[in-house]
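Step one of this worksheet: look at the structure below.
The values are calculated or read from the model by the stated rules, or taken from the named source; none is laboratory data. Just so you know, these numbers come straight off a predicted model, no measurement behind them. Here the Cβ positions follow ideal geometry from the backbone for every residue, glycine too, while neighbour counts run over all protein chains shown. Remember, those area values only see protein heavy atoms, side chains included, never the ligands or the DNA or RNA. Shrake-Rupley method; radii C 1.70, N 1.55, O 1.52, S 1.80 Å.
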Amino acid sequence: KKFGDTKNPLLVSVRSGARDSMPGMMDTILNLGLNDATCEGIAKRTNNRKFALDAFRRFISMYGTIALGAKKEPFEHAMDELRKQLGKDKGIDPSRMNAEELKRAVPDSDFTEAALERLVATFKALVKEHTGKEFPSDPHEQLWGAIEAVFGSWNNDRAIFYRRLHDIPDSWGTACNVQAMVFGNMGATSATGVAFTRDPSSGAPGVYGDYLVNAQGEDVVAGIRTPQPLSSLRAHPGEVSMEQALPSAYADLVKVRETLERHYLDMQDIEFTVQQNKLYMLQTRNGKRTAAASLRIAV
């Protein structure tokens, strides 16, 4: 893969890397490197144009709001309007639903290729309307814009508040990590999730957390879809655990859990993606836990 190449493009995520973890406080941009040409390149490489367009619409809204300063609401409104139209096509009456009910009735996975194509064009127009600038098509321009945005997010309100709360000096600053993208939204053999390497309330060993099939990381925390448990032992009736749905990737996750604890000598809070049955680790940090769990974990 090559960054900016139209036949076999490399996409990257751009995220913060402060010396002390500040979960959720700073900005991350995913799917960077997409433009019309690289989107078509990925569609051909994966033989999945719907996936490529879905990644592109995510990137435009994320970059537009984080790096270019547009508001989130116009993008969300455009998504809601599309959901209403698709809902009507399915025989659903959107006028009887609030926004959250509509998202559950018409999830992102229901968006058709044609609908995503319209959404990409709409999102580009929204960027132009609300920022006065065309959406940048040069991947290198996108990359430096994202790096600046990550550095800038060190001083956003929530990051400043978090540092004061946890006695983290403002002078430390942050690094910026640029990572090759892996995709949890490539169909039924792909997923994304978060986990603790122990039960944070009791300290009992095992992988404790949630995952979503055919999703990217933002979907897990957005609350639109209901995550499923990792372990079959924690699954309720009607739930499909990762252990059941993706057994080989789950087995790898269990092995990685042991490796991380041996290395860090502490319970870890991890983020991972499964792309076509292969497990990729995105990040790890020492996990927050109860006082009771701290003693058991230490032992």
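Residue-wise test of (1) in contact with a strand residue (DSSP E or B) (Cβ under 8 Å, 6 or more places away or on another chain); (2) of a type in the set (D, E, K, R); (3) surrounded by fewer than 17 Cβ atoms within 10 Å (Cβ to Cβ); (4) assigned to a loop (DSSP other than H, G, I, E, B).
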position	(1), (2), (3), (4)
F161	no, no, yes, no
N177	yes, no, yes, no
V182	yes, no, no, yes
M186	yes, no, no, yes
T192	yes, no, no, no
T197	yes, no, no, no
G203	no, no, no, yes
Y208	yes, no, no, no
Y211	yes, no, no, no
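Scan the stretch 217-249 residue by residue and report those that are part of a helix (DSSP H, G or I), open to solvent by 30 Å² or more (accessible area, probe 1.4 Å) and either on the phi > 0 side of the Ramachandran plot or not charged (D, E, K, R) (or both).
G217, V221, A222, S232, L233, Q244, A245, P247, S248
In the stretch 120-150, what residues are hydrophobic (A, V, I, L, M, F, W, C) and open to solvent by 70 Å² or more (accessible area, probe 1.4 Å)?
Listed by number, the list holds a single entry, W144.
Count, please, the residues in the stretch 6-30 that happen to be open to solvent by 50 Å² or more (accessible area, probe 1.4 Å) and closer than 19 Å to L143 by Cβ.
1
Just the residues that are open to solvent by less than 70 Å² (accessible area, probe 1.4 Å), among the polar types (S, T, N, Q) and more than 10 Å from T197 (Cα to Cα), please, taken from the stretch 253-276.
T273, Q275
Just one of T290, T284 is among the hydroxyl-bearing types (S, T, Y), buried (at least 17 other Cβ atoms within 10 Å of the Cβ), at pLDDT below 95 and over 28 Å from M79 (Cα atoms); which is it?
Selected residue: T284, the only one of T290, T284 that is among the hydroxyl-bearing types (S, T, Y), buried (at least 17 other Cβ atoms within 10 Å of the Cβ), at pLDDT below 95 and over 28 Å from M79 (Cα atoms).
In this structure, does I42 turn out to be among the β-branched types (V, I, T), in contact with a strand residue (DSSP E or B) (Cβ under 8 Å, 6 or more places away or on another chain) and closer than 24 Å to K1 by Cβ? Outline the logic, then answer.
Numbers: among the β-branched types (V, I, T): yes; in contact with a strand residue (DSSP E or B) (Cβ under 8 Å, 6 or more places away or on another chain): yes; closer than 24 Å to K1 by Cβ: yes.
Against the criterion (among the β-branched types (V, I, T), in contact with a strand residue (DSSP E or B) (Cβ under 8 Å, 6 or more places away or on another chain) and closer than 24 Å to K1 by Cβ), I42 qualifies.
Could you list, in sequence order, all residues of the stretch 31-53 that are in contact (Cβ under 8 Å) with a residue 12 or more places away in the chain, touching a helix residue (DSSP H, G or I) at 6+ places or on another chain (Cβ under 6 Å) and either among the hydrophobic types (A, V, I, L, M, F, W, C) or open to solvent by 30 Å² or more (accessible area, probe 1.4 Å) (or both)?
Within the stretch 31-53, L32, L34, C39, I42, R49, K50, A52, L53 qualify.
Conditions: (1) small (G, A, S); (2) open to solvent by less than 30 Å² (accessible area, probe 1.4 Å); (3) in a helix (DSSP H, G or I). A70 meets all but one. Number of the miss?
Here A70 meets the rest and fails (3).
In the stretch 83-119, what residues are open to solvent by 60 Å² or more (accessible area, probe 1.4 Å), among the hydrophobic types (A, V, I, L, M, F, W, C) and under 24 Å from M186 (Cα atoms)?
Hits for the stretch 83-119: nothing passes.
Exactly one of these conditions fails for H166: (1) open to solvent by 60 Å² or more (accessible area, probe 1.4 Å); (2) in contact with a helix residue (DSSP H, G or I) (Cβ under 9 Å, 6 or more places away or on another chain); (3) over 30 Å from K50 (Cβ atoms). Give me its number.
H166 satisfies all of (1) open to solvent by 60 Å² or more (accessible area, probe 1.4 Å); (2) in contact with a helix residue (DSSP H, G or I) (Cβ under 9 Å, 6 or more places away or on another chain); (3) over 30 Å from K50 (Cβ atoms) except (2).
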